[in-house]
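Reviewing the structure listed below.
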Amino acid sequence: MALLDWFSTQAPLSLEGGGVSLRPPRWGDYAEWAELRRISQTFLQPWEPTWPADDLSRAAFRHRLSAYARDIDLGQGYPFFVFRQSDDALVGGVTLSNIRRGVAQMGVLGYWIGQPFARRGHTLGAVRAVTAFAFDRLGLHRVEAACLPENGASHGLLLRAGFTQEGRASGYLKINGEWRDHLLFAIVARDHAR
């Protein structure tokens, strides 16, 4: 538990932009996170992997925090919870993961938004903040993202955030129990700077 205590109280990483603040998840976020995910499950499930039966349990959240702390420590991923600045309400999450260094210098962006907060600009602000973090603080060259072809909201969000659609990948990710095609998007550092 010492690692979790350190992670929850000492994590100096925070970002801001577009009316939202972002920081790594903490143990104290559990109740708000679990409730937001619970009330948003029907809204989120078509776009996400199948949720395990214990997905919203304290044990599963504790496991997430351990995995998040390990990813940050190794520089392989940076998870953020997204909070509305006006009242500090948890609205969603953004993760920069699968970071590869060497000749690639890239990472993969993923995000979710709670149903009560959808289509209010929170995710766009968060995606822009994490993209800037990837280029300006981590020195990455490329950030990739993907969405289901029928997810018009996500498709539009990525384009507004400066990403370019690069193609389509067959059977790219297992979403809601099925291998699904995805539209592929990316932004590179030179385009982000414009």
Practice problem: For residue 48, list long-range residues whose amide hydrogen, built 1.01 Å from N in the peptide plane, is under 5 Å from its own amide hydrogen. | Solution: 176
Exercise. Pop a pseudo-label 7 angstrom from the Cα along the beta-carbon direction at both residue 190 and residue 159 and give the gap in nm to one decimal.
Key: 2.4
Quiz item: Residues with beta-carbon under 13 Å from that of residue 60, excluding residue 60: net charge, scoring Lys, Arg +1 and Asp, Glu -1?
Solution: +3
Exercise. With θ set to phi - 60°, apply the Karplus curve 6.51 cos²θ - 1.76 cosθ + 1.60 along segment 89-95 and write out the HN-Hα couplings as whole Hz, x wherever there is a Gly or Pro.
Key: 6, 5, 10, x, x, 9, 10
Practice problem: Under 14 Å from the Cβ of residue 180, count the other residues' Cβ atoms, weight Lys and Arg +1, Asp and Glu -1, and hand me the total. | Solution: -2
Practice problem: Counting other Cβ atoms within 10 Å, keep those with at most 15, restrict to DSSP loop, and tell me which GluC sites (Glu not before Pro) in segment 120-170 are left. | Solution: 150
Exercise. Can you check what the net charge comes to around residue 115, using other residues whose Cβ is under 15 Å from the Cβ of residue 115 (Lys, Arg +1; Asp, Glu -1)?
Key: +2
Practice problem: Restrict the search to segment 67-128; then list the trypsin sites (Lys or Arg not before Pro) that DSSP places in a loop and that have at most 14 other Cβ atoms within 10 Å of their Cβ. | Solution: 101, 119, 120
Quiz item: Using the beta-carbon distance between residue 31 and residue 172 and R0 = 25 Å, what value does 1/(1 + (r/R0)^6) give for FRET efficiency, to the nearest 0.05?
Solution: 0.15
Quiz prompt | Sorted by Cβ density within 10 Å, fewest first, the residues 88, 136, 71 | solution = 88, 136, 71
Quiz item: What FRET efficiency would be calculated for the residue pair residue 86, residue 118, taking the C-beta separation as r and a Förster radius of 22 Å, to the nearest 0.05?
Solution: 0.85
Quiz item: Gaussian network model of the chain, Cα springs within a sub-10 Å range: biggest mean-square fluctuation belongs to which of 103, 20, 91?
Solution: 103
Quiz item: Efficiency by 1/(1 + (r/R0)^6): what FRET value for residue 101 and residue 39, r their Cβ-Cβ distance, R0 = 35 Å, to the nearest 0.05?
Solution: 0.35
Quiz prompt | Sorted by Cβ density within 10 Å, fewest first, the residues 66, 21, 86 | solution = 86, 66, 21
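Per DSSP H run of at least 4 residues, take -39500 (n - 2.57); add these up for the chain, divide by its residues and hand me the 222 nm value, nearest 500 deg cm²/dmol.
Result for the chain: -10000 deg cm²/dmol, rounded to the nearest 500.
Taken together, the values in this text are just the output of simple stated rules run on the coordinates, not laboratory data. This is a predicted model, so every value here is computed, not measured. Note that each Cβ is placed from the backbone with ideal geometry, even for glycine, and that neighbours are counted across all protein chains shown.
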